[in-house]
1. With closer than 22 Å to H98 by Cβ and either assigned by TED's automatic domain parsing to the domain that holds I111 or more than 17 Å from the chain's Cα centre (by Cα) (or both) as the only criterion, which of I3, I15 stands out?
2. What's the number of the only condition in (1) in a loop (DSSP other than H, G, I, E, B); (2) within 16 Å of the ligand (Cβ to nearest atom); (3) open to solvent by 50 Å² or more (accessible area, probe 1.4 Å) that I15 fails to meet?
3. Within segment 18-37, how many residues turn out to be buried (at least 16 other Cβ atoms within 10 Å of the Cβ) and within 15 Å of the ligand (Cβ to nearest atom)?
4. Could you give every pair whose Cβ atoms fall below 8 Å, whose first residue belongs to segment 36-53 and is closer than 10 Å to I3 by Cα, and whose second residue is open to solvent by 10 Å² or more (accessible area, probe 1.4 Å) and among the acidic types (D, E), counting only separations of at least 6 or pairs across chains?
5. Taking segment 38-87, which residues are of a type in the set (S, T, Y) and either touching a strand residue (DSSP E or B) at 6+ places or on another chain (Cβ under 8 Å) or more than 16 Å from the ligand (Cβ to nearest atom) (or both)?
6. Working carefully through the options V110, V56, V52, find the one that is open to solvent by less than 80 Å² (accessible area, probe 1.4 Å) and either within 18 Å of Y9 (Cβ to Cβ) or in contact with a Gly (Cβ under 6 Å, 6 or more places away or on another chain) (or both).
7. Within the group Q88, Q62, which residue is over 26 Å from G12 (Cβ atoms), part of a helix (DSSP H, G or I), open to solvent by 30 Å² or more (accessible area, probe 1.4 Å) and of a type in the set (S, T, N, Q)?
Amino acid sequence: MKIPTICRYCGGKIIKSTTRALYPKGSEPIYLCVNCNAYVGCYPDGSPMGKVANTVLRLKRQETHRIFDRFWREQGWTRSAAYRWLAQNLHLKEHETHIGMMEMDECEQVIRLCRKYGKHKKEAA
Ligand SMILES: [Zn+2]
């Protein structure tokens, strides 16, 4: 993954920083837009964990996680079975299927899948 230098939301400059720039107790290394505070986590070797995300995208990912977790628990699946199912339906490899790294449209797809399949199960019962 390429190190971000220009923010994809506002075109601002991205610097290496820590979450201390955002929260008083933060210490995780991040790449941070100095203009709009969009950010992404950073591995110890300096490579970014994905693309910078703004608040709207982060909230969307949280919502998607909630919906997906509730969905697979209702189906009585294990977590690994749930991610295998999700990977197949999104045509992704399992190790690439992380809601925490998804874009808005991928989050929407996950939510749609959960609604569709959850409903399908009810009709079949
Ligand atoms: Zn920005």
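The values are calculated or read from the model by the stated rules, or taken from the named source; none is laboratory data. Treat the numbers as computed from the prediction; the structure is a model and nothing was measured. Glycine gets a Cβ as well: all are built from the backbone with ideal geometry, and neighbour counts include every protein chain shown. Quick note on the areas: whole protein, heavy atoms, side chains included, nothing else; ligands and nucleic acids left out. Shrake-Rupley method; radii C 1.70, N 1.55, O 1.52, S 1.80 Å.
1. I3
2. Failing condition for I15: (1).
3. Adding up the residues that qualify gives 5.
4. From segment 36-53, the pairs are C42/E28; K51/E103.
5. Y39, Y43, S47, T64, T78, S80, Y83
6. V52
7. The conditions single out Q88.
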